[in-house]
Amino acid sequence: IYAIIQKKIPMIHKENDNRKMVFFQMIFQTFLQYMFSYIGAANISGTNSSIFSATNTFFMVLLAHFVYADDKLNKKKVLACSLGFIGVLFATLGKGTIGFSLTGEGMIMLSTLMGCFGTIFSKKTAKTDGAITVTGYSLGVGGFALIVVGWTLGARLTFDSMGDVLILAYLMFISAVGFTVWTLLNQYNKVGKLSIFCCIVPISGTLLSGILLHENVF
C-alpha cells in the first residue's frame with residue numbers, strides 16, 4: 001500500500017549500517033519474537049499469555065538504561081518495575097494453581113525479550129528510513145523466513161472455514177498496524193517512557209480473553 005501511495009518501492013538506505021540494523025530487527029522483532037510467542041500461546045491461556053507479555057515493560061526499561069544516555073534507571077523506575085513484576089507473579093502464581101513452564105510462560109517471556117532487542121534496532125533506522133518502510137521489511141522478510149522454516153519442519157497451513165481466513169487476516173492487520181505505530185512512537189519518544197504503556201497489555205488481554213475466548217478471568 002505504501003509503495004502504491006509513494007509510486008516507488010521504498011528502500012532501506014546503506015548509510016549508518018541501516019540495512020544491518022533492519023536485518024537484526026527482522027531476526028529479533030519478527031522471526032524470534034513470533035516463534036517464541038506462538039509456541040507459548042499454544043501452551044497457556046490467553047489471559048496468562050497477556051499477563052506475561054507485560055514483562056516487556058521491565059525488559060525495555062532495563063535495556064534502555066544501558067543503551068541510551070538520556071534514559072537511565074532511577075528509584076521510581078526500579079520501584080515501579082519491582083511492583084509490576086510482583087504483580088505478574090501474583091496474578092499467575094498467587095493461588096498456586098498455575099505453574100511456570102518453559103514451553104508456555106517461558107516462551108512468552110523470551111518473546112518479549114526478543115521484541116525489546118528489536119525495538120532498540122528499529123529506533124535507529126526509523127529516523128532515516130521511516131516507520132512504515134522499516135516495519136515492512138522487518139515483517140516481510142522475517143515472515144517469509146518463518147514460513148520457510150515452518151514448511152521445512154513439516155508444518156502446513158490449512159483452513160477449515162472462512163472464519164480461519166478472517167482470523168489470519170486479522171492477525172496480519174494487527175501486526176502491520178501495531179508494529180508500524182510502535183516504531184513510529186519509538187522514533188520520537190524515549191524507550192523507557194514508551195514501554196510503560198505496555199502495562200495496558202495484560203488489562204486488555206485479560207478482558208478480551210474473557211469476552212472472546214470465554215476464559216475464566218476471575
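General observations
- Portion, in percent, of the accessible area of the range 106-218 that falls on carbon or sulfur, probe 1.4 Å: 77
- Gain on full stretching of the segment that runs from T103 to I5 - 0.36 nm per residue minus C-alpha separation: 31.1 nm
- Pairs over the 22 Å Cα-Cα cut-off, from the set K14/K72; K76/K123; K123/K193: K14/K72; K76/K123.
- Per residue, the average separation of C-alpha pairs within less than 8 Å and at least 6 apart gives the range 28-152 a relative contact order of 47 percent.
- Our estimate of slack between D160 and F197, defined as 0.36 nm per intervening residue step minus the Cα-Cα distance, is 9.6 nm.
- As a ratio to 2.2 N^0.38 Å, the alpha-carbon radius of gyration for the range 1-152 is 1.19.
- When the alpha carbon gyration tensor of the range 129-201 is reduced to an equivalent ellipsoid, the three semi-axes, largest first, read 29, 16, 12 Å.
- Short-range pairs are left out: with C-alpha atoms under 8 Å and at least six residues apart, the relative contact order of the chain is 38 percent.
- Inter-part distance where the range 176-199 and the range 29-72 are each reduced to a Cα centre, Å: 13
- Theoretical FRET efficiency, 1/(1+(r/R0)^6), r = Cβ-Cβ of F90 and V217, R0 22 Å, to 0.05: 0.90
The values are calculated or read from the model by the stated rules, or taken from the named source; none is laboratory data. Since the model is a prediction, treat every value here as computed from it, not as a measurement. All Cβ positions, glycine included, derive from the backbone under ideal geometry; neighbour counts span all protein chains shown. Side chains included, ligands, DNA and RNA excluded: accessible areas come from the protein's heavy atoms. Shrake-Rupley method; radii C 1.70, N 1.55, O 1.52, S 1.80 Å.
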